[in-house]
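The values are calculated or read from the model by the stated rules, or taken from the named source; none is laboratory data. In this text the structure is predicted, and so the values were computed from the model without any measurement. No Cβ is skipped: glycine too gets one built from the backbone with ideal geometry, and neighbour counts run over all protein chains shown.
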Amino acid sequence: MPNSRTHITGILLAGGMSRRMGSEKGSMQIGNSHLYQYPLRVLEELCDEILISTCKPSLFPEKHLKVCDEIKEIGPLGGIYSCLKQSSTKLNLVLSYDMPIVNASLFNLLIPEAEGFDMVLPAGDKGKPEPLCGIYDRSTRELMKEMISKKDFAVYHMITQCRSKVIRITRDMDAWSPELFLNINTREDLKRLPEDFGVEQNG
């Protein structure tokens with residue numbers, strides 16, 4: 001299967017409402033960068049084409065294509081679906097903008113497993129798949145279209161409706177981190193980040 005970065009599109013899901021945070025969390029300063037820039041850098045390291053799922057393009061000064069949800073207010077499924085319609089590649093790396101600890105090693109582990117599957121998702125210690133951090137074949141947009149027509153907006157439900165593979169990330173893997181799949185939704189979540197997060201890796 002192709003493994004060149006030119007054959008993979010990165011999709012940054014940046015359309016969250018930030019209700020629990022009380023302010024736009026993506027632009028929140030953490031260390032030397034904004035929250036959204038950590039996952040964005042991971043995608044930039046692996047992909048030449050980047051799509052940012054947002055209806056607020058002014059929040060993201062990067063020159064990547066911004067894609068507003070074609071169908072509003074149906075959650076992450078709407079963002080992934082709209083971006084897959086714009087993607088020029090078969091393989092797509094999907095990552096939520098509030099998951100700053102996810103690293104390139106994780107996707108380097110998932111990408112080789114994508115052959116023959118529609119989606120490949122990582123799972124933490126408890127085995128729960130992470131649908132907002134994984135590999136999606138562009139063809140899954142057809143399943144998403146069908147789900148939307150049935151008003152089923154749960155990305156998680158796709159796992160049983162397509163050829164999916166879930167890979168548990170364990171301590172012996174380079175990608176592993178205690179808080180690898182941490183979602184920053186509240187100010188309490190910020191306390192779970194390493195104390196020097198965002199400072200050491202950026203100088």
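Table: residues versus (1) more than 20 Å from I52 (Cβ to Cβ); (2) out of contact with any helix residue (DSSP H, G or I) (no Cβ under 8 Å at 6 or more places or on another chain); (3) of a type in the set (A, V, I, L, M, F, W, C); (4) in contact (Cβ under 8 Å) with a residue 24 or more places away in the chain.
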residue	(1), (2), (3), (4)
E70	no, no, no, no
M99	no, no, yes, yes
F117	yes, yes, yes, yes
L121	yes, no, yes, yes
T140	no, no, no, yes
M144	no, no, yes, yes
M158	yes, no, yes, yes
M173	yes, no, yes, yes
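Among the numbered conditions (1) of a type in the set (A, V, I, L, M); (2) more than 20 Å from V42 (Cα to Cα); (3) outside any loop (DSSP other than H, G, I, E, B); (4) out of contact with any Cys (no Cβ under 7 Å at 6 or more places or on another chain), the only one that L106 does not meet is (2).
Of all residues in region 40-52, none are out of contact with any strand residue (DSSP E or B) (no Cβ under 9 Å at 6 or more places or on another chain) and either of a type in the set (A, V, I, L, M, F, W, C) or farther than 24 Å from A123 by Cβ (or both).
Summed over region 157-201, residues that are part of a helix (DSSP H, G or I), surrounded by fewer than 16 Cβ atoms within 10 Å (Cβ to Cβ) and at pLDDT below 95 total 4. Picking from residues in region 113-124 that are closer than 15 Å to D174 by Cα and at pLDDT 95 or above, the one that is nearest to the chain's Cα centre (by Cα) is P122.
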